[in-house]
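Reviewing the structure listed below.
Quick note: the coordinates plus some simple rules give every number you see, no bench work behind them. Keep in mind the model is a prediction, meaning the values are calculated, not measured.
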Amino acid sequence: MVTPAEQFNAKEYAPVVLFTYKRLPILKRVVASLLSNEECPRTPLTVYSDGPKTEGDEPAVKETRAYLKVLTGFKSIEFIFRDRNLGLAQSFIQGITETLQRHQQAIFLEDDNLLSKHFLSFMNQALDYYKNNEKVICLSGFSFPLKPAPKQPYFLRGAETWSMATWQRGWKYFCADGKKLLADIESQGLTKKFSSDGFGFDRMLKRQINGEIDSWGVRWWTSAFVNDKYCLYPEKPLCVSIGYGSDSVHNASYSPILRRPSDLSDKPIVGLPDAVVEKAEISLAVRRMNQSLAHPSLWRRLINKIAARF
């Protein structure tokens with residue numbers, strides 16, 4: 001394991017891309033947390049604002065955009081305000097694709113991703129350290145509530161959507177065709193492994209195929225899984241979701257997997273693993289986490305939260 005600060009001397013920091021819609025109070029908290037990162041004055045920011053879904057959404061979207069237009073504190077700020085509503089999946093797929101046509105790497109945030117002040121440091125260091133490692137498809141600032149708690153950053157097979165960073169070389173594996181992904185799972189004999197971790201990605205993928213959920217993340221995760229790629233997570237969360245509540249488009253209530261703002265790491269992540277592998281103890285901790293949430297009513301709520309997140 002290396003200390004990333006010993007390896008990283010960036011002249012240019014990765015651009016941050018923020019996707020937003022109409023939840024201004026939550027967005028303000030997220031932006032404040034992002035600005036707590038000392039790298040912001042050297043970081044370009046791009047904001048994607050989806051268009052209003054209904055006439056009733058127009059005032060909230062306009063208010064959000066008015067707030068965004070006066071933002072400061074970044075190296076540069078670019079606004080992409082959509083005239084029409086693309087919806088969750090298409091908004092992200094199109095925005096990530098456009099960004100990575102112009103940049104080799106980028107960090108992607110949702111408007112409910114509350115961040116630690118050490119988030120950008122970790123992401124930039126890891127982007128640089130793994131940039132030529134084909135086994136690593138993406139990075140995340142999120143961390144699961146595993147027991148025992150990991151003592152260093154860890155890898156899980158698959159991908160992540162919350163506070164995600166990737167490279168051009170990573171996004172090239174993304175497949176938008178859910179039916180093809182399911183066929184790949186079956187043809188590679190991965191059906192059992194695909195459904196064994198307890199997250200319910202197999203059911204989510206089928207729901208996406210059937211048009212029951214508007215999900216880009218389950219296709220991103222499956223794209224990584226079928227290509228045997230891995231996502232890096234910090235041992236302590238540098239990002240938590242604050243997007244649950246009555247005004248949320250997707251998450252209606254809190255679930256333990258989402259973590260809380262008090263869980264955010266107040267210390268920098270100081271090491272990165274060399275070996276890109278999902279360790280047995282991490283796999284076991286993931287299964288135990290899911291088993292601890294096995295009560296039917298809680299389990300169903302959790303699956304709904306993950307489905308909304310993806």
Segment 13-309: antiparallel DSSP beta bridges as a percent of all, rounded to 5: 45 percent
Segment 68-107 and segment 20-52: distance between their alpha carbon centers, rounded to Å: 11 Å
Normalised contact order of segment 13-309, rounded percent, pairs of Cα under 8 Å and 6 or more residues apart: 22 percent
Listed pairs Lys53/Lys179; Lys28/Lys180; Lys192/Lys229; Lys28/Lys236 exceeding 29 Å between Cα atoms: Lys28/Lys180
Global geometry of segment 13-309, whether rounded, prolate or oblate, following the gyration tensor of its Cα atoms and the 1.5 cut on a/c: rounded
Partners for Lys117 among aspartates and glutamates (Cα-Cα distance below 15 Å; same-chain residues under 8 apart left out): Glu38, Glu39, Asp263, Asp266
